[in-house]
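Each value in this text was obtained by applying a stated rule to the coordinates, not by laboratory testing. Please read these numbers as outputs of a predicted model, since none were measured by experiment. As a convention, Cβ positions derive from the backbone with ideal geometry for all residues, glycine included, and neighbour counts pool all protein chains shown.
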Amino acid sequence: MGTEEAGGQVAQDPVTVWARPERGARGPAAVHSRAELTVVAVELADRSGLSAVSMRHVAKALGAGQASLYRYISGREDLLDLMTDAVAGEIDLGIGLRGDPVEDLVALAARTKDVHLRHPWLLDVPPEPLRLGPRSLDYLDYALRALAPARLPGRTGMETVALMNALITQFARAELRSGNTATDRQAAQAAYLSEAAARGDHPAIAAAMADQTEPDAAEDPQVLFERTMHRVLTGLLGPGPSR
């Protein structure tokens, strides 16, 4: 049970939103649901960013009093849990695994990045290793099943998935920023790098730039993402049966 706080609100026990009842037992009958709160919160974030998501704004969008929301959730952190889990459900986990951990995880990573690009506010959600709900658990289980042929220890498999997700986040962030950056700034930065390499003060950089055999592919964010994920995962897992 919760304890009474100043102002009459009931402090929830320190358990995740998924472990608490859908609705509080006290007060009048609930007329909304966590699912409705989640839909409204995601719409607010998609439209105006994560900063627009507050108990007050969600209540206003629902046409309800802010205090009534505490019958469903304990506060904004619960909203973030519900929101991140809801959009995790957009990742297609119905695609069959082919038995190649690298290929299967790269494909999963690409689908996951697409969700981040559709919901840029995900990049602003404070990272927590265990921010997991039902759909996120499905995602983690799928990723670990994809890793199964590599026969990694359980902890190593979890760490591999965590690293993959961190890379997805960084690539999504860079892709979103690149899409909002003026091309003249990008051109100026590229010119500065080329000039610095040409001066001869940084021979390793000059050699790396001279050895770019796939310039067109490197400019495609998706190709760069998949190539990098391949390299990282292959380095972590070693060559698979088909490589």
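Structure values in brief
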read-out	value
Placed amide H near Tyr72: partners under 5 Å, 5+ positions off or other chain	Gly24
The stretch 130-145 - phi-based ³J(HN,Hα) in whole Hz, Karplus 6.51/-1.76/1.60, Gly and Pro as x	10, 6, 10, x, x, 6, 5, 5, 4, 4, 4, 4, 4, 5, 5, 5
Relative packing of 192-205, 93-106, 125-138, which averages over residues the other C-beta atoms within 10 Å, highest first	93-106, 125-138, 192-205
Compactness index (Cα Rg / 2.2 N^0.38 Å), the stretch 98-204	1.41
Table column - 3J(HN,Hα) (Hz), the stretch 33-41, Karplus curve with 6.51, -1.76, 1.60, x for Gly and Pro	9, 4, 4, 5, 4, 5, 4, 5, 5
Euclidean distance between Cα centres, the stretch 34-110 to the stretch 133-201, Å	21
For Gly49, net neighbour charge (Lys/Arg +1, Asp/Glu -1) across residues whose Cβ lies under 15 Å away	+2
Rg to Rh, two decimals, where the stretch 22-151 supplies the alpha carbon set and Rh follows Kirkwood	1.06
Per-residue ³J(HN,Hα) for the stretch 76-91, Karplus 6.51 cos²θ - 1.76 cosθ + 1.60, θ = phi - 60°, Hz, x for Gly and Pro	5, 4, 4, 4, 4, 4, 5, 5, 5, 6, 4, 6, 4, x, 7, 6
